[in-house]
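Below is one structure, written out as structure tokens; comments come after it.
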Amino acid sequence: MAPPSNRRSGFSRRAQYTTFFGYLAAGLGALVGGGLLIASLTDSSRFSGVRSAATDVTAPVAKAAAASRAEGSGLFSAIAGYFTSGKENADLRREVALARVKLVEAQAVAEENKRLKDLLGLARQDPKPVAVALMIGSSSSSTRRFATISAGRDQGVAIGMPVRSPLGLVGRVLEVGDSTSRVLLITDTESIVPVRRASDGIPAFTTGRADGTLQLRLISLGINPLKRGDVVVTSGSGGLYHPGTAVAVVDRLLPDGAIARVLSDPAATEYVTVEPIWSQMATPAGTAGTTPGTSASASPAPVNPATGSTAR
């Protein structure tokens with residue numbers, strides 16, 4: 001016999017009630033959810049307090065999750081940095097080395113500009129130089145002290161003309177060629193330069209010592225008034241060197257003078273200027289400026305350019 005078509009799911013009333021209340025709860029949940037959805041759509045701020053309370057409740061869990069994500073990303077970054085730090089370190093070292101080279105080059109350019117500006121100011125001074133020349137070379141091992149410059153007879157250079165740099169006196173022209181000249185440096189033993197102390201004009205003269213220094217001897221003997229650090233300049237006596245040109249600075253005192261260091265080191269000098277002989281410039285001015293009753297002999301006495309001594 002076939003079973004009836006309206007068969008129940010079971011004969012237990014408890015199972016039937018459970019099924020019924022399940023359907024009823026599902027329907028009520030759907031109605032409540034729909035009502036809440038409609039209410040939130042009509043007024044979005046209605047449930048803000050509930051959302052805030054839910055956020056406060058779940059905040060510790062969110063913080064723990066964020067911390068774990070940060071630690072995980074830091075770990076991966078550390079691992080990646082371990083493999084890439086070598087290359088980055090090498091690149092940074094290379095950039096620092098290049099920057100250091102560029103800095104040195106910039107300092108060299110600034111120093112060169114300074115030297116050129118000093119030379120330009122020296123070329124514009126009064127008296128006007130005869131020529132501006134390059135210091136080609138100088139002797140360092142011989143007992144004699146000579147130098148060669150890139151200016152000669154073609155540029156108007158003559159024997160006896162003083163040679164100086166922006167720092168001070170270098171020497172005087174000893175031999176002249178067509179495009180070069182030989183200079184007797186003030187540190188040579190045969191070089192004698194009349195000088196005076198720049199502060200008060202105490203007269204003296206210097207002779208070279210063939211070791212890069214000068215022997216400074218006082219004209220008036222007695223108590224040595226010189227002090228270490230005093231600067232001596234040319235006095236103009238003898239009519240060869242223009243007065244007021246820096247020569248040396250006192251380094252060590254002696255009973256009758258001092259040992260002085262030259263201010264213009266030929267080894268560190270690049271460009272020099274050749275000046276006219278002081279007596280040849282001063283004599284015409286002195287002759288033109290003599291007044292009645294004044295002798296023209298007040299002008300500097302002529303100088304023998306080959307020896308640097310005054311012709312008497």
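Annotation: amide H-H contacts under 5 Å for Val176 (H modelled 1.01 Å from N, sequence separation of 5 or more, or interchain): Arg182. Estimated at the nearest 10 Å², the accessible area of Phe21 is 120 Å² with a 1.4 Å probe. Accessible-area rank, largest first, for Arg228, Arg153: Arg228, Arg153, with all protein chains present and a 1.4 angstrom probe. Note on Ile159: accessible area is roughly 80 Å² with a 1.4 Å probe, heavy atoms of protein only. Largest accessible area first, the residues Tyr241, Tyr23 order themselves as Tyr23, Tyr241 under a 1.4 Å probe with ligands, DNA and RNA left out. Each residue of region 148-159 was assigned a 3J(HN,Hα) from its phi angle through the Karplus curve 6.51 cos²θ - 1.76 cosθ + 1.60 (θ = phi - 60°); the sequence is 10, 10, 8, 8, x, 4, 5, 9, x, 6, 10, 5 Hz, with glycine and proline shown as x. Each Lys and Arg adds +1 at its Cβ and each Asp and Glu adds -1 at its Cβ; summed about the Cα centre, region 131-278 shows a dipole of about 340 debye. Ranking Asp188, Asp154 by solvent-accessible area of protein heavy atoms (1.4 Å probe, all protein chains present), from largest to smallest, gives Asp154, Asp188.
Using only Cα atoms, figure out Rg for region 131-278 and give it as a multiple of 2.2 N^0.38 Å.
So the Cα radius of gyration is 1.00 times the expected 2.2 N^0.38 Å.
Distances between placed amide hydrogens fall under 5 Å for Val130 paired with Val274, Glu275, all partners being 5 or more residues away or on another chain. Per-residue SASA remark: Lys102, around 130 Å² accessible (1.4 Å probe; ligands, DNA and RNA not included).
The values are calculated or read from the model by the stated rules, or taken from the named source; none is laboratory data. Quick caveat: nothing in here was measured; it's all calculated off a predicted structure. Positions of Cβ are backbone-derived with ideal geometry, glycine not excepted, and every protein chain shown enters the neighbour counts. Surface accessibility is based on the protein's heavy atoms, side chains included, excluding ligands, DNA and RNA. Shrake-Rupley method; radii C 1.70, N 1.55, O 1.52, S 1.80 Å.
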